[in-house]
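The values are calculated or read from the model by the stated rules, or taken from the named source; none is laboratory data. All values reported here derive from a predicted model rather than from experimental measurement. All Cβ positions, even for glycine, are placed from backbone atoms using ideal geometry, and neighbour counts span all protein chains on display.
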């Protein structure tokens, strides 16, 4: 029985260490599938909870399975209720968030990006609980925002908790965080490939083959699970993507330009809200709820997620004047709501705003040149991609999303034109990166996206650990020293009485052994009693004896084997140690990584 358990532990330990390698595609793929299934289950639960809470808030008698149409029927409320519902919800959320410690309030896409780049994707469970219940309360009471940001947080947090529980390497936790984000986007829109590209562009901010395969498996797994729960129908009713004439190119360029301007306006309002972060969160949330409620008196479509309004834009069932007003109101309400820190997302609203812009331009084109202009829904879908690409600095994800929603390559050329122009307008003309990066920069948070740092973060210490060592505890026997001399390990690690570690090379130990231990053994052979050296000594006495011989002795600093090479490098930067002593919380393995070896590794990279 003991032997079986030990062998099972050894296989699991070998699997964990394999994950630390830079090319661990197969084990990461297995984790990707598991990650997608877990994230998909959480997204299903989250969506059902939002629908149920929304129906309860709207006092609807229809079952939750009726879906978005019933759960978003804010238009059916009276003007006074449309004002009171978001305002009261914001007040209640403000009271709850005011009572929470500040560290608990961080939620959504911004929180995931920060934790990925600063803590390798380690996400606190408490924040995810705040996101889950806070997101449900916010969206059910009509706060202007999307569910995709909360879904990304929940998926990433679930995978982070699993990785932490299983003591997986930190580089694996980074991949699992991206898996959760991709699965959340794919499951939310039934667009798995767009979810993968979104995770690469917005979350990890790099493309790698090792990261791509497990992430796409996670997105497909989550999307398949949500299809079982909600069916295979897409969230949006996409029109036929047909360009009637090449004369539409100027309109496409104009659509991209307007999307870029709208993204700039959104980000400016968000950054304006950042100036009021010193104001208590209760007052900030209450102001956002008051603004949303006031807008909803005249424009009920501004409330909630708004996918019903998006579908009306795609089918051309909303007038030009109403589209323009809804678009402007959504920009204002969502930028303020997300800017004050409410637990809502901005991915869905970016599609709402883009659909309004595109639909409006489609109506204008149809009135000017009805025989040449395309359908208003055609421009609405392109506007969705343009706004998403410009606001989140994710042009490729936006393009893939359009292709997956349209189910035709005919959307490729016009989609490229609109999205590229919108992204160039935001980035090059206005000098804005993305809504996420702008807010984080205003908060004084910098993201580590240097290529070398990114590369080293993909490697665990288990891939570079040197285990050719012999370990000496705080009490050392002469027999241990003799055994070490016979084994001739590469390095000898000595545990200090204070819990630290010192390192001595085989050559230096051989000098100590020949000068101190061998004479003692010779004297013992010539006499019946050995009094020249104790049979046991403390590690402190051994270290003092080594120093007395002027032999080099290196300081080590402890670090978990779950850490990445980047974390090890930073640990050495923050200390004066000569190397790392690497231990495993779940197993007996011990090893070292010297500063010189780390420098050679980075230079060779």
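Here are some notes:
- Of all residues in region 256-284, those satisfying the criterion of being surrounded by 20 or more Cβ atoms within 10 Å (Cβ to Cβ) and over 26 Å from residue 188 (Cα atoms) are 258, 273, 281, 284.
- Meets criteria (more than 32 Å from the chain's Cα centre (by Cα), assigned by TED's automatic domain parsing to the domain that holds residue 394 and part of a helix (DSSP H, G or I)) for residue 294: yes
- Region 572-582: number of residues that are surrounded by fewer than 17 Cβ atoms within 10 Å (Cβ to Cβ) and touching a residue at least 24 places away in the same chain (Cβ under 8 Å): 0
- Checked against the criterion of being at pLDDT 90 or above, in contact with a strand residue (DSSP E or B) (Cβ under 9 Å, 6 or more places away or on another chain) and either surrounded by 24 or more Cβ atoms within 10 Å (Cβ to Cβ) or outside the structural domain of residue 350 (by TED's automatic domain parsing) (or both), the candidates 129, 154, 139, 225 yield just one match: 139.
- Test for residue 335: is it under 28 Å from residue 130 (Cβ atoms), without any contact (Cβ under 8 Å) to a residue 40 or more places away in the chain and in a helix (DSSP H, G or I): no
- Residue count for region 471-510 under the criterion of being assigned to a strand (DSSP E or B) and over 18 Å from residue 595 (Cα atoms): the result is 6.
- Selection within region 308-330 - under 19 Å from residue 235 (Cα atoms) and over 32 Å from the mean Cα position of the chain (by Cα): 312, 315, 316, 317, 318
- With respect to the conditions (1) closer than 28 Å to residue 570 by Cα; (2) touching a helix residue (DSSP H, G or I) at 6+ places or on another chain (Cβ under 6 Å), residue 135 falls short on a single one, namely (1).
- Hey, residue 597 surrounded by 17 or more Cβ atoms within 10 Å (Cβ to Cβ) and either within 29 Å of the chain's Cα centre (by Cα) or assigned to a helix (DSSP H, G or I) (or both) or not: no
- The listed residue being in contact with a helix residue (DSSP H, G or I) (Cβ under 7 Å, 6 or more places away or on another chain), modelled with pLDDT under 90 and crowded, with 19+ Cβ neighbours inside 10 Å, out of 490, 569, 502: 569
One line per residue, one yes/no per condition, for (1) assigned by TED's automatic domain parsing to the domain that holds residue 356; (2) closer than 21 Å to residue 81 by Cβ; (3) in a helix (DSSP H, G or I):
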position: 286; (1), (2), (3): yes, yes, yes
position: 301; (1), (2), (3): yes, yes, yes
position: 305; (1), (2), (3): yes, yes, no
position: 318; (1), (2), (3): yes, no, no
